[in-house]
Structure formats: C-alpha cells, structure tokens
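Student: Here it is: the structure, laid out below.
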Amino acid sequence: LLPLFEQYAPERAPELRTQMAAMAADIPQGLQTGENRAITTGITPDNASDPMERLQNRLDRARTSEERDGIYADVAVALASRNDPRARDLVDKIEDTDLRKRVRAYIDFQTVQAAIQERNAAEAVRIAQSGELTSIQRVWAYTRASGLLLTTDRARALELLELAGQEARRISGGDPDRARALIAVATGLVPA
C-alpha cells in the first residue's frame with residue numbers, strides 16, 4: 001500500500017517506510033522490491049518498458065526454484081497481456097507442473113481473447129482446439145468465433161456452434177457452467 005500512501009497521504013509515508021524497513025528481514029526479496037505485478041497492478045502506473053528487460057536481474061536475485069517459477073509466471077502474464085508470443089516460451093521454463101499448467105491456461109485464454117478482438121476466428125479456433133482451456137472457455141471461444149464468421153462463412157459458423165454444443169455437453173450436469181454454455185450455444189443459433 002506504500003504507493004497509495006505516497007500518493008494520497010505523503011505525510012504518513014516516511015513512518016510507513018520505517019515500519020517496512022524494520023520488517024524487511026521477514027519478507028521475501030521479490031515482495032520487498034515490489035516487482036510482483038499481481039501486487040502492484042492498479043496501484044502503480046504500468047511501466048511501458050519490456051518486462052523481459054528486467055527478467056534476468058530478477059532471476060539473478062531468486063534463491064529458490066519457487067521464486068524463479070514465480071518470476072517466470074509474472075513476466076509471462078505481463079507478456080500475455082500484450083499478446084506477446086514470448087510468453088509461451090517463459091511458461092515452458094516453469095518447473096512446477098501445476099503452476100506451469102495454470103499459467104499456460106491463462107495465457108491460452110488471453111490469446112483467444114486477443115484473437116477474437118482482432119476478429120481472427122481461425123486463430124481463436126486453433127487455440128480453442130489445442131490450448132489448455134476449460135470447457136466453458138472453449139464454448140466461449142467457439143461461439144464468439146462463430147459470431148465472427150456468421151456473415152462470411154455460415155457453414156463454418158454452424159460447425160463451430162456444433163463444436164461448442166459438444167463441449168457444453170462435456171460439462172457436468174450439476175455445474176452451473178453447463179447451463180451457461182448451452183445458453184451461449186442457443187444464443188449463437190438465434191441469428192443463424
């Protein structure tokens with residue numbers, strides 16, 4: 001919260017800095033420097049520099065494989081938000097399999113969202129078929145891609161809605177996402 005105190009209560013910031021210095025021995029280095037984007041997002045202004053520029057410096061200070069994995073995940077997420085393909089390379093360097101899978105899933109969904117925003121239905125479908133997405137995310141990707149193709153390639157749009165319907169039926173019957181997915185498919189069929 002120090003950035004907020006510095007911005008809105010500058011008279012209290014020195015006291016807070018003193019308290020933080022006293023507690024610094026118990027705090028991991030990555031959190032002391034404030035380089036974790038998850039902590040500072042929305043509080044401090046985003047730096048327009050390339051996240052890869054500081055990567056090696058941060059890795060040099062990491063003491064454990066968990067810290068290195070966290071750094072790789074943090075930079076990969078930053079790159080994914082910019083639709084930078086280097087994010088996938090960093091994910092492969094994460095040693096923790098569970099963390100690697102979760103970060104890859106996040107990056108895949110970010111990539112699908114970027115493809116839909118750029119109106120690139122083929123790329124969105126490619127990632128939906130091969131990426132680490134949940135069923136509801138796949139349904140979303142297929143239905144959105146279908147909407148993009150509805151006026152230009154009606155047959156492909158209907159084919160994508162069929163894939164979305166198949167994926168929706170894979171979701172457990174008691175899961176509320178199943179109802180959401182089926183409604184998304186039905187909504188996609190209305191203009192078709």
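Student: Out of ARG58, ARG54, I need the residue that is within 24 Å of the chain's Cα centre (by Cα), open to solvent by less than 80 Å² (accessible area, probe 1.4 Å), at pLDDT 70 or above and charged (D, E, K, R). Which one?
Tutor: Details: ARG54 fails: open to solvent by less than 80 Å² (accessible area, probe 1.4 Å).
That would be ARG58, the only listed residue that is within 24 Å of the chain's Cα centre (by Cα), open to solvent by less than 80 Å² (accessible area, probe 1.4 Å), at pLDDT 70 or above and charged (D, E, K, R).
Student: Helices (runs of 4 or more DSSP H) wholly in the range 81-192 with at least 1 residues that are more than 30 Å from ARG54 (Cβ to Cβ) - which ones? Break it down into steps so the answer makes sense when it comes.
Tutor: Working: elements: 86-91, 97-117, 121-130, 135-149, 154-170, 176-189.
Ranges flagged: 97-117, 121-130, 135-149, 154-170, 176-189.
Student: Tell me which residues, restricted to the range 92-109, are open to solvent by less than 90 Å² (accessible area, probe 1.4 Å), over 8 Å from the mean Cα position of the chain (by Cα) and either of a type in the set (Gly, Ala, Ser) or within 13 Å of ARG68 (Cβ to Cβ) (or both).
Tutor: Hits for the range 92-109 are ILE94, ASP96, LEU99, ARG100.
Student: Suppose we filter ARG138, ARG154, ARG126 for residues that are surrounded by fewer than 18 Cβ atoms within 10 Å (Cβ to Cβ) and either of a type in the set (Phe, Trp, Tyr) or touching a residue at least 12 places away in the same chain (Cβ under 8 Å) (or both); which single one remains?
Tutor: ARG154
Student: Ok, one more. Consider the range 71-91. How many of its residues are more than 26 Å from ARG144 (Cα to Cα) and surrounded by 18 or more Cβ atoms within 10 Å (Cβ to Cβ)?
Tutor: Taking the range 71-91 as the starting set, the residues that turn out to be more than 26 Å from ARG144 (Cα to Cα) are 71-75, 89-91.
Okay, now just the ones that are also surrounded by 18 or more Cβ atoms within 10 Å (Cβ to Cβ), so 71-75, 90-91.
Qualifying residue count, the range 71-91: 7.
Student: Of everything in the range 61-85, what is among the hydrophobic types (A, V, I, L, M, F, W, C) and under 19 Å from the mean Cα position of the chain (by Cα)? Give them in sequence order. I'd like the intermediate steps shown before the answer.
Tutor: Within the range 61-85, the subset among the hydrophobic types (A, V, I, L, M, F, W, C) is 62, 71, 73, 75-80.
Those that are among the hydrophobic types (A, V, I, L, M, F, W, C) and under 19 Å from the mean Cα position of the chain (by Cα): ILE71, ALA73, VAL75, ALA76, VAL77, ALA78, LEU79, ALA80.
The values are calculated or read from the model by the stated rules, or taken from the named source; none is laboratory data. Everything quoted here is computed from the prediction, not taken from an experiment. FYI the Cβ positions are ideal-geometry reconstructions off the backbone, even for glycines, and counts take in every protein chain you see. The area values use the complete protein model at the heavy-atom level, side chains included, leaving out ligands, DNA and RNA. Shrake-Rupley method; radii C 1.70, N 1.55, O 1.52, S 1.80 Å.
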